[in-house]
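Engineer: Once you've had a glance at the structure underneath, I'll fire off some questions.
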Amino acid sequence: MTAAGLNNNTIYEIDSIANSNLLVRMGVLPGKKISLLKKAPFNGPMAFIIDGNVLALRIEEANLIHLKAG
């Protein structure tokens, strides 16, 4: 599953980041916890909490964040 498929009130651990040095430079690293804060309508951006920081990403970017299963 990727971060684009997260629902509110769920916390997952990041497993890997696919081909994005930008996300890594922003602190999105394997092993960190991620949860969905808000999701804009009509496939708009999503706001995540990662390590206590709020990070808004496009759905295309959120699809690059792979999460550990259950």
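Engineer: Could you please state how large a percent of the accessible area of the chain is carbon and sulfur, counting protein chains only and using a 1.4 Å probe?
Structural biologist: 52 percent
Engineer: A follow-up question, please. Restricting to DSSP H runs of at least four residues, report the calculated mean residue ellipticity at 222 nm for the chain, -39500 (n - 2.57) per run over all residues, nearest 500 deg cm²/dmol.
Structural biologist: Here the helix-only value at 222 nm equals -2000 deg cm²/dmol.
Engineer: Counting only Cα, what are the radius of gyration and maximum Cα-Cα distance Dmax of the chain, in Å?
Structural biologist: Calculated on Cα positions, Rg and Dmax stand at 10.6, 30 Å.
Engineer: Let me ask you something else. Over the chain, give the accessible area per residue in Å² for a 1.4 Å probe, as an integer.
Structural biologist: 63 Å²
Engineer: Among all stretches of the chain without exposed trypsin sites (Lys or Arg not before Pro) (DSSP loop, at most 16 other Cβ atoms within 10 Å), which one is longest?
Structural biologist: By the stated rule (loop sites, at most 16 other Cβ atoms within 10 Å), 1-31.
The values are calculated or read from the model by the stated rules, or taken from the named source; none is laboratory data. What you see is a predicted model; the values in this text were computed from it and never measured. Cβ: placed from backbone, ideal geometry, glycine included. Neighbour counts: every protein chain shown. SASA here: full protein model, heavy atoms, side chains in, ligands and nucleic acids out. Shrake-Rupley method; radii C 1.70, N 1.55, O 1.52, S 1.80 Å.
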